[in-house]
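Enquirer: Quick one: structure below, then a few questions.
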Amino acid sequence: MPKKYLFQSHYRNVGSSRFGQRKPMGRPGVHIDPARFVNKAVEGEVIENFTPEHKFQDFKIDQRLITAIANKGYKTPTPIQDKIISHIIEGSDVVGIADTGSGKTAAFLVPLINKIMQNPREQILIVAPTRELAVQIDEEFRSFVKGMRIYSVVCVGGTSMGRQMSELRYRYNLIIGTPGRLKDLIERKMIYLSEFNTVVLDEADRMFDMGFINDTRFIINGMPRGRQTLFFSATISRDIERMIGEFTKNPVRISVKTRDTSKNVEQDVIKIDQGKTKLDVLSNLLNQKEFNKVLVFGRTKHGVEKLSKMLIYKGFRAESIHGNKNNSQRQRALGMFKENQVQILVATDVAARGLDIADISHVINYDLPSTYEDYIHRIGRTGRYNKRGMALTFID
Ligand code: AMP
């Protein structure tokens, strides 16, 4: 079915010269064609049904783990889980090309927990680009291993080093951390890389974008050569290929990623008419009943903070997450949004990356994303797990 680039009609309204002059806001040299942002999902489209080849019981994994998966309510494997789990069990290096929302966390956690069950002395390192993602992985991990005497430690920046250091003195099987803090703890001899035989690099593309490549290289190069490496990325570029070549050995590649934006997300643009402000338009939307759990994206930390304050001033229940907040402030804001204590979360791209929050009704791009990749990541926060979501992009 041909895609309708709804944007184009608005594009004529605003006059092409304005976009011609717009400087790319992100990485230098990245040119954004706003027409690519919005391809309207076809109304009422039947969501494609995937038939997995495996049931969870088919994988050679411990019965207790199969029970834990069932208790979590996972009935059938998602495509990435279906395709990658057996390779990880066999001990191969893997490259998984998958977005958040694909079930990639369980795709690596399930076989790795099984590895720990087979050898309780096994130690595994998971490297993630953001604190939020690390915490999210840990939450999923803990929900699987309840009562199994398998332990994890989260080592991320912005939280007390002392507490992490004391946790590292106890027995653990899994460390989940961000590159900078991990490196710090390794240099303080709190983590001995030679004891880790398995490593997961999650969202490697983001790690690269955020400038963590050297810390990541330091970590990986300190690990045994015979380790198993699991490499996950949402996108593949020349830099990422180089990382794959450097860090993995004959990896099995599994891609479940489509370039197309999510079929579950209806997308549209909103042109801000003259005489109106983006804030007016946003407020009108937020007053509508269906806008019950809304993630709003702004470009800068300062802008995000200011917007959330203005929304609160207007009487909305809003929170914000961005890099100027410390870890506990961010976790608190996230918790309130997750539990519907606030209607709106205003976020920067970096802070919202990889967030897995159920039932976000709308994503609003208050400021344009810097790259197409960022657009995809933003709108992927809604329309998760076969639910429909809506993404709206403001154009002024
Ligand atoms: P992820 O891509 O790892 O961020 O996972 C996205 C969401 O899918 C999370 O809320 C998971 O709890 C959920 N999930 C993962 N695997 C399954 C599955 N096999 N069945 C149902 N939900 C799942």
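The values are calculated or read from the model by the stated rules, or taken from the named source; none is laboratory data. Computed from a predicted model, the values in this text were never measured in an experiment. Note that we place each Cβ from the backbone using ideal geometry, even for glycine, and neighbour counts take in every protein chain shown. Ligands, DNA and RNA are stripped out before the accessible areas are found, and what is left, the full protein with its side chains, is counted by its heavy atoms. Shrake-Rupley method; radii C 1.70, N 1.55, O 1.52, S 1.80 Å.
Enquirer: Could you run through segment 221-231 and say how many residues are in contact with a Gly (Cβ under 8 Å, 6 or more places away or on another chain) and outside any strand (DSSP E or B)?
Expert: 0
Enquirer: All but one of (1) more than 16 Å from the chain's Cα centre (by Cα); (2) away from the ligand (no atom under 16 Å from the Cβ); (3) basic (Lys, Arg) hold for LYS387; state the number of the condition that does not hold.
Expert: That leaves (2) as the condition not met.
Enquirer: Looking at ASP396, ASP359, which is the one that is open to solvent by 10 Å² or more (accessible area, probe 1.4 Å) and within 14 Å of LYS293 (Cα to Cα)?
Expert: So the residue among ASP396, ASP359 that is open to solvent by 10 Å² or more (accessible area, probe 1.4 Å) and within 14 Å of LYS293 (Cα to Cα) is ASP359.
Enquirer: Can you name the residue in segment 224-241 that is farther than 19 Å from GLN123 by Cα and surrounded by fewer than 19 Cβ atoms within 10 Å (Cβ to Cβ) and, of all such residues, is modelled with the highest pLDDT?
Expert: GLU241
Enquirer: I would also like to ask the following. Is it true that ILE244 is β-branched (Val, Ile, Thr) and open to solvent by less than 20 Å² (accessible area, probe 1.4 Å)?
Expert: yes
Enquirer: Can you tell me which residue among LEU168, LEU174, LEU185 is touching a residue at least 40 places away in the same chain (Cβ under 8 Å) and open to solvent by less than 20 Å² (accessible area, probe 1.4 Å)?
Expert: Result of the check over LEU168, LEU174, LEU185: LEU174.
Enquirer: Still on this structure, please answer the following. Going through segment 51-105 one residue at a time, which ones are within 11 Å of the ligand (Cβ to nearest atom) and among the β-branched types (Val, Ile, Thr)?
Expert: Result: ILE69, THR76, THR78, ILE80, ILE85, THR100, THR105.
Enquirer: When the residues of segment 274-301 are filtered to those that are of a type in the set (Val, Ile, Thr) and touching a residue at least 40 places away in the same chain (Cβ under 8 Å), which remaining residue is farthest from ALA352 (Cα to Cα)?
Expert: VAL281
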